[in-house]
Amino acid sequence: MAQPCPDEPRPADGTPAAGLPLFSPGRPARQGLTCLYRCGNACSHEAPNTSPNEYFGQVLSRALSRRGALRAGAVLTLAAGAAGLPADTAEAATGTSAAGAAPAAPPARPPRGLEYETVAPNTADAVTVPAGYAQNVVIRWGDPVVPGAPAFDFENQTPEAQAGQFGYNNDFCGLVQLPGPGRRYLMFSNHEYTIEPLMFRGYDPANPTDEQIRIGMAAHGLSVVTVERDRRTGRMTVVLDERHNRRYTASSEFVFDGPAAGSALLRTSADPIGRTVLGTLNNCSGGVTPWGTFLSGEENVNQYFAGADPADPRHKRYGLRPGPSERKWERLEPRFDLAKEPNEVNRFGWVVEVDPQDPQAPPVKHTALGRFKHEGATIALTRDGRAVAYMGDDERFDYVYKFVSDARMMRGESRRAREHNRTLLSAGTLYVAKFSGDSPAAEIDGTGTLPADGAFDGSGEWIRLAQGSTSFVEGMSAEEVYVYTRQAADRVGATKMDRPEDVEPHPRTGSVYLALTNNSDRGKAGKAAPDEPNPRAGNKHGHVIELIERDRDPAATTFGWSILLVCGDPNDPGSYFGGYDKSQVSPISSPDNLAFDPYGNLWIATDSTQALSINDGLYGVSLEGPTRGRTTLFASVPIGAECCGPVVTGDFALISVQHPGDLDGASPQAPASRWPDGPGSQPRPSVVTIWRIGRNDRPGRIGQ
Ligand code: FEO
Ligand code: CA
Ligand code: CA
């Protein structure tokens with residue numbers, strides 16, 4: 001999702017204000033419709049975390065006095081001492097790398113998987129890929145997902161058609177390969193939110209029609225789609241598979257599981273036992289589990305509810321506001337009116353799990369993972385097979401969480417194994433992160449200038465919030481911890497972060513990468529000041545933290561961390577690219593979605609690179625060796641779009657193109673983008689596959 005909101009409008013014709021390179025400060029960031037329809041203009045309201053949560057230094061002092069022996073940095077030493085680490089990775093963990101020092105010369109070749117010709121930053125109304133690469137649109141808003149669904153007709157859309165078609169604004173994308181010759185996959189996309197003024201001609205926000213509301217509800221949710229890749233051409237297309245393909249919308253039934261299922265806090269007049277809910281909303285990022293299911297995070301769900309009580313701290317902390325909602329769903333379904341159904345909102349803001357291989361298995365909302373503005377959830381396994389879910393709460397000054405399952409994953413594809421593994425996220429321990437820096441606070445001046453020890457780095461701990469029916473938060477029951485997780489984290493002194501988006505464990509090294517997308521309020525009067533884990537005031541371009549769990553154990557309760565990237569214009573002295581030569585990197589802003597390729601390279605999709613006056617895109621990032629910290633733009637998305645949900649395999653990449661043409665003043669009468677279908681068409685959010693053209697025009701290996 002996107003914030004900050006625009007500093008100034010960009011014209012709907014997409015014309016940049018100046019020629020490239022366009023890295024002047026103060027250019028527009030995300031545009032107005034996306035701000036309004038995705039997160040309810042969150043950034044134009046006060047950040048909901050007004051808790052007097054302590055400055056981390058105070059918290060650390062108390063923790064140190066409580067524990068006695070633990071020195072700041074001790075965790076780091078342990079982490080770096082873990083066996084088998086690449087030397088440079090271990091150095092990063094200790095913060096003893098030559099941070100800030102550029103290598104003598106860039107290597108002749110980038111690492112395996114990143115050997116493509118860097119795409120020049122641009123403002124084109126196109127998906128731009130490296131020379132020698134090809135692309136095709138796999139699926140776009142309105143394309144049939146379910147066999148029998150009608151072809152898309154922008155001028156005559158219906159709720160029934162939309163419920164069988166690909167939804168709007170696909171964000172996360174996950175793939176699992178189907179058994180067989182290896183060409184077919186189940187693709188999971190989520191549909192974060194709708195932009196009604198771009199979906200309907202003459203849309204009246206004050207008086208949406210019932211049909212428009214119903215179409216909007218059906219355009220939310222999730223899609224499971226069978227896709228097939230032609231190994232001869234590289235193209236990927238949809239297969240209308242009756243068995244697997246399905247849509248979940250704002251009206252589909254989900255079941256609750258975990259310790260808060262059945263809680264009085266989840267009961268409503270339609271569901272007096274608090275165990276089922278209609279719909280999933282504002283799904284942002286997600287994850288593919290080692291047991292073959294898909295996870296998705298319900299994020300800015302506050303905006304769908306009307307009638308909040310401004311005096312109710314539970315409403316305020318979750319960003320709920322009085323008055324009507326933007327989409328007016330409460331006019332059709334009173335459950336979206338807090339005054340009429342006060343607990344309905346408690347049934348949104350969870351991590352959902354879908355088993356793509358078992359259409360009969362009900363989709364689940366996992367209460368054990370807490371309720372907040374979930375960006376997504378990604379899984380690492382402990383050595384003994386327990387599942388650890390890493391999660392970010394995407395709000396200014398909110399927190400990073402993890403969950404450690406009680407049970408171990410069962411290997412194999414048997415029905416028994418699948419059923420068991422679908423319960424892994426039902427019982428375990430929920431933690432929130434507290435970060436501590438190792439440099440004097442006075443050295444964190446808010447500009448991004450590295451402190452004297454050469455790194456933004458330090459240690460941290462995972463603070464227990466609840467396990468099963470046991471609460472570790474004074475004054476809150478376990479059920480309250482799960483349903484009002486933000487308040488629970490406030491009480492234990494979690495560290496206020498700059499909008500935690502994807503939190504992604506490296507599949508080989510186990511290091512965990514955190515995308516902190518931006519926070520224009522950092523350091524403002526009355527707000528949290530810059531600190532070592534969030535070192536820039538008015539953080540417009542975001543940063544990426546590398547976190548190493550103690551002993552490389554995902555279940556550890558302490559960790560070390562360092563900042564890998566301080567994003568922005570490389571010419572800005574406040575940006576930092578892992579110590580790599582900044583003249584050799586692509587500019588990058590607002591890191592959002594993270595993924596790894598089979599070679600261990602990090603890939604970052606951005607949201608709001610418009611803050612640099614360039615289109616968003618997908619960047620490859622080297623993590624090891626002399627090119628560590630080098631960012632190279634691999635693909636850029638059309639004007640007004642956000643790049644989401646990257647999947648990078650050895651053979652192809654997938655990107656999700658969200659809200660193309662979302663510029664101020666755009667409408668169906670005056671579209672700001674004609675992507676993907678060209679002249680005379682309306683812009684349509686889509687999934688795109690990209691591959692390298694190899695010998696004899698056959699597909700080659702990606703990134704080589
Ligand atoms: Fe929907 Fe946090 O981005
Ligand atoms: Ca996101
Ligand atoms: Ca430091």
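Of (1) of a type in the set (A, V, I, L, M, F, W, C); (2) surrounded by fewer than 24 Cβ atoms within 10 Å (Cβ to Cβ); (3) in contact (Cβ under 8 Å) with a residue 60 or more places away in the chain, L516 satisfies all except one. Which? In the conditions (1) of a type in the set (A, V, I, L, M, F, W, C); (2) surrounded by fewer than 24 Cβ atoms within 10 Å (Cβ to Cβ); (3) in contact (Cβ under 8 Å) with a residue 60 or more places away in the chain, L516 misses (2) alone.
Let's see how each residue does on (1) in a strand (DSSP E or B); (2) of a type in the set (G, A, S); (3) within 16 Å of ligand 3 (Cβ to nearest atom); (4) at positive phi:
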{"residue": "A417", "(1), (2), (3), (4)": "no, yes, no, no"}
{"residue": "V432", "(1), (2), (3), (4)": "yes, no, no, no"}
{"residue": "S439", "(1), (2), (3), (4)": "no, yes, yes, no"}
{"residue": "P451", "(1), (2), (3), (4)": "no, no, yes, no"}
{"residue": "A455", "(1), (2), (3), (4)": "no, yes, yes, no"}
{"residue": "E461", "(1), (2), (3), (4)": "yes, no, no, no"}
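Quick one: which strands (runs of 3 or more DSSP E) lie wholly within segment 479-571 and hold at least 2 residues that are under 23 Å from the mean Cα position of the chain (by Cα), under 20 Å from D393 (Cβ atoms) and within 16 Å of ligand 1 (Cβ to nearest atom)? Because the criterion is at least 2 residues that are under 23 Å from the mean Cα position of the chain (by Cα), under 20 Å from D393 (Cβ atoms) and within 16 Å of ligand 1 (Cβ to nearest atom), the strands (runs of 3 or more DSSP E) in segment 479-571 that meet it are 500-505, 512-516, 543-549. Determine whether segment 367-376 contains at least one residue that is out of contact with any His (no Cβ under 8 Å at 6 or more places or on another chain) and surrounded by fewer than 21 Cβ atoms within 10 Å (Cβ to Cβ). The answer is no, given that none of the residues of segment 367-376 is out of contact with any His (no Cβ under 8 Å at 6 or more places or on another chain) and surrounded by fewer than 21 Cβ atoms within 10 Å (Cβ to Cβ). Any residue that is under 13 Å from L633 (Cβ atoms) and buried (at least 18 other Cβ atoms within 10 Å of the Cβ) - is there at least one of those in segment 144-167? No, there is no match, as no residue in segment 144-167 is under 13 Å from L633 (Cβ atoms) and buried (at least 18 other Cβ atoms within 10 Å of the Cβ). Pairs are defined by a Cβ separation below 6 Å, a sequence spacing of at least 6 or placement on different chains, a first member in segment 469-494 that is farther than 13 Å from G370 by Cα, and a second member that is among the aromatic types (F, W, Y); the pairs so defined are A494/Y399. Return yes or no: is L281 in a strand (DSSP E or B) and either more than 16 Å from ligand 3 (Cβ to nearest atom) or within 20 Å of the chain's Cα centre (by Cα) (or both)? So L281 fails the test. Quick check on segment 674-681. Is at least one of its residues crowded, with 21+ Cβ neighbours inside 10 Å, within 17 Å of D592 (Cβ to Cβ) and either modelled with pLDDT of 95 or more or more than 16 Å from ligand 3 (Cβ to nearest atom) (or both)? No; the residues of segment 674-681 include none that is crowded, with 21+ Cβ neighbours inside 10 Å, within 17 Å of D592 (Cβ to Cβ) and either modelled with pLDDT of 95 or more or more than 16 Å from ligand 3 (Cβ to nearest atom) (or both). Residues that are touching a Phe, Trp or Tyr at 6+ places or on another chain (Cβ under 8 Å), within 16 Å of ligand 1 (Cβ to nearest atom) and of a type outside the set (V, I, T) do occur in segment 193-204.
Out of R267, R347, R331, one residue alone is more than 16 Å from ligand 2 (Cβ to nearest atom), closer than 30 Å to L516 by Cβ and basic (K, R). It is R347. Return a yes/no flag: does segment 577-599 have any residue that is of a type in the set (D, E, K, R), outside any loop (DSSP other than H, G, I, E, B) and buried (at least 24 other Cβ atoms within 10 Å of the Cβ). Within segment 577-599, one or more residues are of a type in the set (D, E, K, R), outside any loop (DSSP other than H, G, I, E, B) and buried (at least 24 other Cβ atoms within 10 Å of the Cβ).
Counting only residues that are in contact (Cβ under 8 Å) with a residue 24 or more places away in the chain and basic (K, R), give me the strands (runs of 3 or more DSSP E) lying completely in segment 353-396 with at least 1 of them. Lay out the reasoning, then the answer.
Values: elements: 364-366, 378-381, 386-392.
Once the strands (runs of 3 or more DSSP E) in segment 353-396 are filtered for at least 1 residues that are in contact (Cβ under 8 Å) with a residue 24 or more places away in the chain and basic (K, R), what remains is 364-366, 386-392.
When only residues in segment 295-325 that are surrounded by fewer than 16 Cβ atoms within 10 Å (Cβ to Cβ), out of contact with any strand residue (DSSP E or B) (no Cβ under 9 Å at 6 or more places or on another chain) and in contact (Cβ under 8 Å) with a residue 12 or more places away in the chain count, which is nearest to A368 (Cα to Cα)? It comes out as P313. Comparison of D664, D607, D651 shows that the only residue that is of a type in the set (D, E, K, R), surrounded by 24 or more Cβ atoms within 10 Å (Cβ to Cβ) and in contact (Cβ under 8 Å) with a residue 12 or more places away in the chain is D607.
Taken over segment 602-639, the criterion of being away from ligand 1 (no atom under 16 Å from the Cβ) and either among the acidic types (D, E) or in a loop (DSSP other than H, G, I, E, B) (or both) is satisfied by S613, I614, N615, S622, L623, E624, R628, G629, R630, P638, I639.
The residue pairs whose first member lies in segment 192-216 and is without any contact (Cβ under 8 Å) to a residue 60 or more places away in the chain, whose second member is of a type outside the set (F, W, Y), and whose beta carbons are closer than 6 Å, counting only pairs six or more residues apart or on different chains, are Y203/E196; Y203/P197; I215/Q157; I215/P159; I215/Q162.
Scanning segment 288-308 for residues that are in a loop (DSSP other than H, G, I, E, B) and away from ligand 2 (no atom under 14 Å from the Cβ), we see that the one that is nearest to M217 (Cα to Cα) is F305.
Residues in segment 202-239 that are surrounded by fewer than 16 Cβ atoms within 10 Å (Cβ to Cβ) and either more than 26 Å from S285 (Cβ to Cβ) or aromatic (F, W, Y) (or both): G202, D204, P205, A206, N207, T209, D210, E211, D230, R231, R232, T233. The set of residues in segment 226-274 that are hydrophobic (A, V, I, L, M, F, W, C), touching a Pro at 6+ places or on another chain (Cβ under 7 Å) and either assigned to a strand (DSSP E or B) or under 16 Å from G349 (Cα atoms) (or both) comprises F254, V255.
The values are calculated or read from the model by the stated rules, or taken from the named source; none is laboratory data. All values derive from a computational prediction rather than experimental measurement. We place every Cβ from the backbone using ideal geometry, glycine too, and count neighbours over all the protein chains shown.
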